[in-house]
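To start, the structure under review is shown below, and the notes come after it.
A short reminder: the numbers here are calculations on the coordinates, not readings from a lab. Quick caveat: nothing in here was measured; it's all calculated off a predicted structure. In this analysis, Cβ positions are derived from the backbone assuming ideal geometry, glycine residues included, and neighbour counts consider all displayed protein chains.
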Amino acid sequence: MTDTMPRKLPFPVVDNCLQVGGVPLTRLAQRVGRTPFYAYDRGLLTARAKTLRATLPRQVRLHYSVKANPMPALVQHMAGLVDGCDVSSAGELKVVLDTGMAPEHISFSGPGKREDELARAVAAGVLINIESMRELQCVARSGDRLGIRPRVAVRVNPDFELKSSGMRMGGGAKQFGIDAELAPQVLRQIAALGLDFVGLHVFSGSQCLKAEAIIEAQARTLELAVRLAQHAPQDMRLLNMGGGFGVPYFSGENELDIRSIGDHLAQVVSRLEAQLPQAQLAIELGRYLVSEAGIYVTRIIDRKVSRGHAFLVADGGMHHHLAASGNLGQVIRKNYPVLIGNRVAAHNSENTSVVGPLCTPLDLIADKIDLPPAKIGDLVVVLQSGAYGLTASPTAFLGHPVPEEVLV
Ligand SMILES: *Cc1c(COP(=O)(O)O)cnc(C)c1O
């Protein structure tokens, strides 16, 4: 096993071969017909959601943030496991509506919502998380035109941030949401326009592995919501606290302690019941729900030694998996957990770099890692690839075919 592998592999291994959805990887590769491909394990998706639900208070509504992985079959599967979905474009909205999920369980967030997207969201009857005055006007116009009273929530850019998060999405000057200090004005405007005010959405950050930081942000979100509720045109029915639950990608990182978060959320729920009795609590998670269940599989098509260092050249790379290459926001490049899927238990005896076929040194899958001696034809597996994989990658770069995605 390599030092970049997680302590506990989520997939079973039989005869040295990784099993995905109960299928040996080598067989799965034959079934898909070509490499590279992404594979997502239904059983792991289900287990992950169930464990989380068992840990959080039952009153907390669990939403899936579709941009983490919008593959339609996967979204369909997730729709049966969560209470709602959050989308960030009309394209994602269509994927979720196609699952049959009721519009009242769908919310639409993100900066730069186009007028036609907002009109479609109003027509569909989904909750629109308002992020600017212009969006508010657009939504009101669409509502008038369609004879529908739009359902809106205010996405608030809080006056605090989620500490220790990989990506800050709130606090300070941000393109996301309405600054907390301007929210009362927007709430008045919602009343003036006669829109159906549902609640607040506060998303302060992403990829946080420290339970204390998430707990602190949730406590401050509750305070903020109680403060803003005084300005609300009608009872607040929803408080979406965002999420930010991280997953361990790199060696030295540990699983998030969701038990402490669950304990704290129980207190949040009871305070909410006391102070805003009509409001349901929701959290929205992307990577936490889907990352571990997904792998990216690429085949070694060449092997070469340059001045003493071995390179495994694969048929896939950063054009399919930008995050694993280290080019999706990492400041210091680290290796994702990688293994040779058809030689999992073999002894690591070679220090090597796994690279892709692109003509750039940025196209790295794993740099200087210990792997079993691998041969041409072997399958390199990048773990923790169920979120921000294919759709977060520059697939058109160099014109290689787009990889398949399978839900097993
Ligand atoms: C991206 C996003 C999420 C999901 O983030 P993860 O880190 O994948 O959990 C949730 N809410 C909003 C508003 C987002 O933009």
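Along each of its three principal axes, how wide is the spread of alpha-carbon positions in segment 302-408, in whole angstrom units, largest first?
Ordered largest first, segment 302-408 gives principal extents of 35, 34, 27 Å.
Run lengths n ≥ 4 of DSSP H only: what is the helix-derived mean residue ellipticity at 222 nm for the chain, with -39500 (n - 2.57) per run over all residues, to the nearest 500? Don't skip to the end; give the middle numbers.
Numbers: 11 runs with 119 residues, N = 408.
Computed ellipticity for the chain at 222 nm equals -9000 deg cm²/dmol.
Angle check, please: helix 42-55 long axis (alpha carbons) against the longest principal axis of the chain (alpha carbons), in degrees 0 to 90, nearest 10.
Between the helix axis and the principal axis of the chain, the angle is about 50 degrees.
Which value in Å does the Kirkwood hydrodynamic radius of segment 70-285 take, with 1/r averaged over all unlike C-alpha pairs and then inverted?
The Cα-based Kirkwood calculation yields 17.6 Å.
Can you give me the angle between helix 211-229 and the longest principal axis of the chain, using Cα atoms only, in degrees from 0 to 90, rounded to the nearest 10?
20
What are the ³J(HN,Hα) couplings of segment 140-148, residue after residue, when phi is run through the Karplus curve with 6.51, -1.76, 1.60 and θ = phi - 60°? Round to Hz, x for glycine and proline.
Residue by residue, segment 140-148 yields 4, 4, 4, x, 4, 4, 8, x, 10 Hz.
So if each residue of separation counts as 0.36 nm, and I subtract the Cα-Cα distance between residue 102 and residue 8, what length gain in nm does that give? It would help to have the intermediate numbers written out before the result.
Values: separation 94, 0.36 × 94 = 33.84 nm, distance 3.69 nm.
Length difference between fully extended and current span is 30.1 nm.
Using θ = phi - 60° and the Karplus curve 6.51 cos²θ - 1.76 cosθ + 1.60, what whole-Hz ³J(HN,Hα) does each residue of segment 100-110 get, with Gly and Pro shown as x?
Whole-Hz 3J(HN,Hα) from phi for segment 100-110: x, 5, 5, x, 5, 9, 10, 10, 10, 10, x.
Between the helical axis of 115-124 and the dominant principal axis of the chain, each derived from Cα atoms, what acute angle in degrees is found, rounded to the nearest 10?
Tilt relative to the chain: about 80 degrees.
When you take every Cα atom in segment 79-173, what is the radius of gyration, and what is Dmax, the widest Cα pair distance, in Å?
14.2, 45
Between segment 1-73 and segment 226-262, how many Å separate their Cα centres?
Here the answer is 23 Å between Cα centres.
Across all directions of projection, what mean area in square nanometres is found for the Cα convex hull of the chain?
Projected area, direction-averaged: 19.5 nm².
Of 147, 371, 385, which is farthest along the charge dipole of the chain in the positive direction, counting Lys and Arg as +1 and Asp and Glu as -1 at C-beta?
Of 147, 371, 385, it is 371.
What dipole magnitude, in Debye to the nearest 20, does segment 70-285 give about its Cα centre under +1 on Lys/Arg Cβ and -1 on Asp/Glu Cβ?
Details: 20 positive and 26 negative charges, 106 e Å.
So the dipole magnitude of segment 70-285 works out to roughly 500 debye.
Search the structure for amide H atoms under 5 Å from the amide H of residue 314, placed 1.01 Å from N in the peptide plane, and list their residues when 5 or more places away or on another chain.
301, 355, 356
Looking only at 163, 94, 304, which one moves most when the chain is put into a Gaussian network model with springs between Cα atoms under 10 Å?
Evaluated over the chain, the most mobile residue of the options is 304.
Can you tell me the length gained on complete extension of the stretch residue 134 to residue 188, counting 0.36 nm per residue apart and subtracting the Cα distance?
Net length gain for the segment: 18.0 nm.
Sum up the lysine pairs in segment 70-285 that clear both bars: alpha-carbon distance under 26 Å and a spacing of 8 or more or different chains.
5
From the phi angles alone, apply the Karplus equation (6.51, -1.76, 1.60; θ = phi - 60°) to segment 394-408 and give each ³J(HN,Hα) in whole Hz, x where the residue is Gly or Pro.
Rounded to whole hertz, the list is x, 5, 7, 5, 6, x, 6, x, 6, x, 6, 10, 10, 10, 10.
Amide H neighbours of residue 130 under 5 Å, at least 5 residues apart or on other chains, H built in the peptide plane: list them.
Those qualifying (amide H under 5 Å, at least 5 residues apart or on another chain) are 153, 154, 155.
In percent, how large is the relative contact order of segment 70-285, given Cα pairs closer than 8 Å and 6 or more residues apart?
15
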